[in-house]
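The values are calculated or read from the model by the stated rules, or taken from the named source; none is laboratory data. Keep in mind that what you see is a predicted model, and the values were worked out from it rather than measured. Here the Cβ positions follow ideal geometry from the backbone for every residue, glycine too, while neighbour counts run over all protein chains shown.
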Amino acid sequence: MKTSSIFQILLILLLGSSALKAEDGHRLWFRYDLIAEPEILNHYRESITGLMVEGNSPSLKIAEDELSKGFKGLLGIDIPEVTSVGKGNIIVAGTPLNSPFIASMNLNEKLKKVNQEGYIIINTTYRKNKVILIAANTDIGVLYGSFHLLRLLQMHQNLSGIEIVSSPKINLRMLNHWDNLDGTVERGYAGSSLWDWTSLPDSISPRYIEYARANASIGINGTALTNVNANALILTKEYLAKVAVLADIFRPYGIKVYLTARFSAPVEIGNLKTADPLDPEVISWWNQKGDEIYTYVPDFGGFLVKANSEGQPGPQNYGRSHADGANMLADAVAPHKGIVMWRAFVYSNDVPDDRTKQAYSEFVPLDGKFRENVILQVKNGPLDFQPREPFHPVFGAMPETPLMMEFQITQEYLGFSTHLVYLAPLYEEVLKSDTYAKGKGSLVAKVIDGTLENHKISAIAGVANTGNTRNWTGHPFAQSNWYAFGRLAWDPYLGSAEIASEWIRMTFTNNIEIKEKISGIMLASREIAVNYMTPVGLHHIMSEGLHYGPGPWVDNTRHDWTSIYYHRADSEGIGFNRSSTGSNATGQYFPEVGGIFDRIESCPENLLLWFHHVPWDYQLSSGRDVWEELCFRYNAGVDSVRWIQNEWSEVQSSVDKERFEKVKSILEKQEENAMVWRDACLLYFQTFSNRPIPEIYEKPLHTLEYYKALKYTF
Ligand code: GCV
């Protein structure tokens, strides 16, 4: 073969492989590819002829590089970095402190409208030239604004006349990594941990920087690196040196590092005899540990703590309260402005009458007893990240204590990385729930952004779905959940549809028809999963331990971990009576909403079996009774997955081959699993309802015994 043809083949292989690589999902929502539409491209090429970022902090350097990289990719030309304004249409980014030009533009009034992380993006003119300003009070604000401008370009938005004023509504917007020091990730479905503890602190993976960039682009400003089921070793010098390296990398991206504190650490790594939070030696140990951590990480964010829950040690081991424990740790970090995020996900070792009532029962009496730098981290619902739960009754019930939200981004109960489930509608449903704590309009969002009670700290956490798999999240669509979490953390009043639209435009396409199709899939996907997993308010009927696939028959473990504890199906009916005639969990809500949940007639039907034990022949608004409704919904769920498959097949020509095929093949698995859910649940519940599955529906493929024998692995 001639050298030239070998060269040609090599070139084809090279180009081919890089084109493939480019669409393996690794780039997330940063697809800075050349804009194909000439009109839009021209508009941007005319609007942006130079870039000026004054100031030279690491954050500003990142902003400058990102803008340059973005412009080059999207516009297909190098946009020169200039040192003065006056010629051409310049993008100027900076703060009045470090940019003489921004300082000269009299932006004080405008900048007063945004907080320390906020920014403005406005058009103005300077010596007859158009200028777009990205101005902020801090360098991080400039970085956030830069990402916003790039987002506008990626979404093909017109830049003329833009006037953006944006500030995060919640102070701390963080990811919680349930990552273990051995590299495994609890409830992680996207490979191993991103943190390579073995090779840190000497070797630095490029993924650390990519991770920080992705988070900064959506405003995430905190990361708790380690599992809440904590290992005390992370607090040793050896590990703190590793943590320090990560903190150094994340700092210019505006991200602070937090660690999980194992309550028994003074015993395990400090050689003390007790971890009693009122013991002077223990107090002093934590104070010294606090000081030590800050020598490694001067801006350490603080501790995240799971105590006295699922076997984790805590203050109750010593007869002390959660407030005693949290306050002791809070005092250890207070001199350095650190905080403690104390989780409300607790339940005792004794099986309760109703597990969903425990957090409220334990914490509400402690309202007002926590230090100022303690924030209580509350899961979105009172049980455990189910496909649908009512909002947690603690929201609104502890006015003296700042409360933060904990959402799960990783899909522990929602089909892992195998089911396409866009979670923003779930988040939105919770955030927009009305607690009635201070009358109508006391939304959960207002509790957690601090506006309902004027709290100084406000926070939101998402249990991360990232791992070291090439595309970060396993399922290509799971990236949208990371994205959506960040956007809602920035502004909890945003809508799921708007966020989906942004993500699709940046991740797949700006073609309106295709965008609408993908958005239709995403927006319907959560309800579809609810239908084939836990319709009408069913919950916690997943396979034991793993939580993938159905397991409504599970009855061989601690009672409040079984499925039968939750669905309570019998020959009369199905559902958990949490009304005033049952466990009275409805009594934990404010009367305006608790009353609605309490009455079977007014209870929202999508939560009916959460709050009520309902006769099989109870009529629903659909005209179907409960048994018929279950048959209908389980079947509708499966049919809808097929609808997703069909919709997806129609975007084939507009989506790159690699991601198209990947999603297509995972959807096949989702369909199979949805059918298993449907058949297993209907066959199982039929043993109580004693009613046939109506003829109009597909017959179960196998027997109940077959489904019971299925073993799921990850
Ligand atoms: C980190 C659920 C999960 C556990 C998790 C726990 C928690 O029970 O199954 O894996 O532990 O929640 O949030 O602490």
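Apart from one condition, Gly450 fits all of (1) of a type outside the set (Phe, Trp, Tyr); (2) away from the ligand (no atom under 16 Å from the Cβ); (3) in a loop (DSSP other than H, G, I, E, B); (4) at negative phi; the exception is (4). Considering Arg371, Arg388, Arg343, the condition of being within 16 Å of the ligand (Cβ to nearest atom), basic (Lys, Arg) and in contact (Cβ under 8 Å) with a residue 40 or more places away in the chain is satisfied by Arg343 alone. The set of residues from the stretch 453-483 being of a type in the set (A, V, I, L, M, F, W, C), under 22 Å from Trp195 (Cα atoms), away from the ligand (no atom under 16 Å from the Cβ) and in contact with a helix residue (DSSP H, G or I) (Cβ under 8 Å, 6 or more places away or on another chain) comprises Trp472, Trp482. Looking at Ala232, Ala216, Ala212, Ala190, just one residue is more than 21 Å from Trp482 (Cα to Cα) and buried (at least 16 other Cβ atoms within 10 Å of the Cβ), and that residue is Ala232.
Note on the stretch 577-664: enclosed helices (runs of 4 or more DSSP H) holding 1 or more residues that are over 20 Å from Cys681 (Cβ atoms) are 591-598, 626-649.
Has the stretch 233-247 got any residue that is within 16 Å of the ligand (Cβ to nearest atom), of a type outside the set (Gly, Ala, Ser) and either modelled with pLDDT under 95 or touching a helix residue (DSSP H, G or I) at 6+ places or on another chain (Cβ under 8 Å) (or both)? Yes, some residue in the stretch 233-247 is within 16 Å of the ligand (Cβ to nearest atom), of a type outside the set (Gly, Ala, Ser) and either modelled with pLDDT under 95 or touching a helix residue (DSSP H, G or I) at 6+ places or on another chain (Cβ under 8 Å) (or both). Out of everything in the stretch 659-692 that is surrounded by fewer than 22 Cβ atoms within 10 Å (Cβ to Cβ) and touching a Gly at 6+ places or on another chain (Cβ under 7 Å), what residue ends up being farthest from Gly415 (Cα to Cα)? Residue satisfying both the conditions and the ranking: Arg659. Report yes if some residue within the stretch 118-131 is more than 30 Å from the chain's Cα centre (by Cα) and either part of a helix (DSSP H, G or I) or aromatic (Phe, Trp, Tyr) (or both); otherwise report no. Checking the stretch 118-131: at least one residue is more than 30 Å from the chain's Cα centre (by Cα) and either part of a helix (DSSP H, G or I) or aromatic (Phe, Trp, Tyr) (or both).
Against the list (1) within 16 Å of Ile293 (Cα to Cα); (2) in a helix (DSSP H, G or I), the condition Tyr258 fails is (2).
Please pick out the residue among Phe407, Phe416 that is of a type in the set (Phe, Trp, Tyr), farther than 27 Å from Pro604 by Cα and within 16 Å of the ligand (Cβ to nearest atom).
Phe416
Among the residues of the stretch 248-263, those that are in contact (Cβ under 8 Å) with a residue 40 or more places away in the chain and either of a type in the set (D, E, K, R) or more than 16 Å from the ligand (Cβ to nearest atom) (or both) comprise Ile249, Phe250, Arg251, Pro252, Tyr253, Gly254, Ile255, Lys256, Val257, Arg262. Any residue at all in the stretch 178-199 that's without any contact (Cβ under 8 Å) to a residue 12 or more places away in the chain and not in a loop (DSSP other than H, G, I, E, B)? No, the conditions are met nowhere in the stretch 178-199.
Test Pro382 against the criterion of being touching an Asp or Glu at 6+ places or on another chain (Cβ under 7 Å), within 19 Å of Phe407 (Cβ to Cβ) and within 16 Å of the ligand (Cβ to nearest atom), and give yes or no.
Details: touching an Asp or Glu at 6+ places or on another chain (Cβ under 7 Å): yes; within 19 Å of Phe407 (Cβ to Cβ): yes; within 16 Å of the ligand (Cβ to nearest atom): yes.
Answer is yes for this residue.
When you check Leu152 against the structure, is it of a type in the set (A, V, I, L, M), part of a loop (DSSP other than H, G, I, E, B) and either away from the ligand (no atom under 16 Å from the Cβ) or free of Cβ contacts under 8 Å to residues at least 24 places away in the same chain (or both), yes or no? Against the criterion (of a type in the set (A, V, I, L, M), part of a loop (DSSP other than H, G, I, E, B) and either away from the ligand (no atom under 16 Å from the Cβ) or free of Cβ contacts under 8 Å to residues at least 24 places away in the same chain (or both)), Leu152 does not qualify.
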